[in-house]
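Asker: Got a structure for you, written out below as structure tokens; questions coming shortly.
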Amino acid sequence: MSDRALSFGAVAEAYERFRPGYPAELVDRVLAYAGRPVRTALEIGAGTGKATRLFARRQIAVTATEPDEAMLAELRRHVPAEVRTVRAAFEELPLDDTYGLVYAAAALHWTRPAGRWARAAALLEPGGVFASFGGPVGLADPAVAEAVRAARAPFLDSDEIPSPDGTPPEHAMQWPGTELQRSEWFTDVRQSVVGRRLTMSAAHYVGHLSTVSAYLELPAGRQAEVFGRIRRVLPDTVEVAADITVHLARRVDAPLSEAER
């Protein structure tokens, strides 16, 4: 878990306020893929619980894990009391329990590559489902997007997170589906997209940017300057493209050996 991954706690309230939530259709896709009742789930890097609350509403016993105490405190204010919360990074989780579903909402890229899939498989029941979903929130109007890029350029070349395994954006299968396809512990890898367009005020969009890790790494004075410049080139309201890419895979039925765990 990198220091950048632990940078969100300082803006936990803003993260809850400005980050968009997830549509019910997303949960429908995961549960339809499972093809059987999902009674237990483990969430990796739950943040403020935007995905947690959706799965918990489906009578799934969710264990939400999050390494940042401030984010976890914000989560506890918004999720049902029956959600179990654990302060831990994915790599720190004990492998004592298994779940019908292990999922990550815009968080998997913060986990360490070494041993990622063996650990995920060890946390799943045989035949259990792994799900990862998320995607960038970008300006839909190319002219507005270019104006923001130019305003941001003196501070950041890009505010996006590159593909963790270097998969080009034009490839049909994107990360983490690419890694799941190569993994010996998972099968039936599927990728789909939940299309989404949102309209928000310029102030709300800048608030969203204030929760993006690339900006959080800037000194406070530089953050204020770049946000001011961006705000000045935005219209009063903006449309954003916030499509959600969903990756699903199923753990192989064969039980894992102690070495694999």
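A quick yes/no check of all residues on (1) over 19 Å from Ile244 (Cβ atoms); (2) surrounded by fewer than 16 Cβ atoms within 10 Å (Cβ to Cβ); (3) touching an Asp or Glu at 6+ places or on another chain (Cβ under 7 Å); (4) of a type outside the set (D, E, K, R):
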site: Pro23; (1), (2), (3), (4): no, yes, no, yes
site: Asp28; (1), (2), (3), (4): no, yes, no, no
site: Ala46; (1), (2), (3), (4): no, no, yes, yes
site: Gly49; (1), (2), (3), (4): no, no, no, yes
site: Glu66; (1), (2), (3), (4): yes, no, no, no
site: Leu72; (1), (2), (3), (4): yes, no, yes, yes
site: Arg77; (1), (2), (3), (4): yes, yes, no, no
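Asker: Contact list please: Cβ distance under 8 Å, first residue in region 15-27 and charged (D, E, K, R) and part of a helix (DSSP H, G or I), second residue modelled with pLDDT of 95 or more and buried (at least 19 other Cβ atoms within 10 Å of the Cβ), pairs at least six apart or on different chains.
Answerer: Short answer, once both residue conditions are applied: Glu16/Thr48; Glu16/Lys50; Glu16/Glu74.
Asker: Of Ala88, Ala105, which residue is closer than 16 Å to Thr63 by Cβ, touching a residue at least 40 places away in the same chain (Cβ under 8 Å) and not aromatic (Phe, Trp, Tyr)?
Answerer: That would be Ala105, the only listed residue that is closer than 16 Å to Thr63 by Cβ, touching a residue at least 40 places away in the same chain (Cβ under 8 Å) and not aromatic (Phe, Trp, Tyr).
Asker: From the set of residues in region 91-102 that are touching a strand residue (DSSP E or B) at 6+ places or on another chain (Cβ under 7 Å) and either free of Cβ contacts under 8 Å to residues at least 24 places away in the same chain or β-branched (Val, Ile, Thr) (or both), which is nearest to Ala41 (Cα to Cα)?
Answerer: Restricting to residues being touching a strand residue (DSSP E or B) at 6+ places or on another chain (Cβ under 7 Å) and either free of Cβ contacts under 8 Å to residues at least 24 places away in the same chain or β-branched (Val, Ile, Thr) (or both), the top hit is Val102.
Asker: Report yes if some residue within region 208-231 is at pLDDT 95 or above and within 29 Å of Glu125 (Cα to Cα); otherwise report no.
Answerer: Within region 208-231, not a single residue is at pLDDT 95 or above and within 29 Å of Glu125 (Cα to Cα).
Asker: Are any of the residues in region 92-112 among the basic types (Lys, Arg), surrounded by 15 or more Cβ atoms within 10 Å (Cβ to Cβ) and on the phi < 0 side of the Ramachandran plot?
Answerer: no
Asker: Restricting to region 53-64, give me the number of residues that are crowded, with 21+ Cβ neighbours inside 10 Å and in a strand (DSSP E or B).
Answerer: Qualifying residue count for the region: 2.
Asker: Residue under question is Leu31, and the condition is that it be outside any loop (DSSP other than H, G, I, E, B), closer than 18 Å to Phe130 by Cβ, of a type in the set (A, V, I, L, M, F, W, C) and out of contact with any helix residue (DSSP H, G or I) (no Cβ under 6 Å at 6 or more places or on another chain); does it hold?
Answerer: When the stated conditions are applied, Leu31 passes them.
Asker: Tell me, which residue of region 185-223 that is free of Cβ contacts under 8 Å to residues at least 24 places away in the same chain and small (Gly, Ala, Ser) is nearest to Val27 (Cα to Cα)?
Answerer: Ala220
Asker: Something else now. Condition (residue is surrounded by fewer than 17 Cβ atoms within 10 Å (Cβ to Cβ), under 24 Å from Thr52 (Cα atoms) and of a type in the set (Val, Ile, Thr)) applied to region 152-162: is it met by at least one residue?
Answerer: Scanning region 152-162, I find at least one residue that is surrounded by fewer than 17 Cβ atoms within 10 Å (Cβ to Cβ), under 24 Å from Thr52 (Cα atoms) and of a type in the set (Val, Ile, Thr), so the answer is yes.
Asker: Continuing with the same structure: Just the residues that are of a type in the set (A, V, I, L, M), part of a strand (DSSP E or B) and either surrounded by 13 or more Cβ atoms within 10 Å (Cβ to Cβ) or in contact with a Leu (Cβ under 8 Å, 6 or more places away or on another chain) (or both), please, taken from region 188-226.
Answerer: Within region 188-226, Val189, Val194, Leu198, Met200 meet the criteria.
The values are calculated or read from the model by the stated rules, or taken from the named source; none is laboratory data. No experiment lies behind these values; they were computed from the predicted model shown. In this analysis, Cβ positions are derived from the backbone assuming ideal geometry, glycine residues included, and neighbour counts consider all displayed protein chains.
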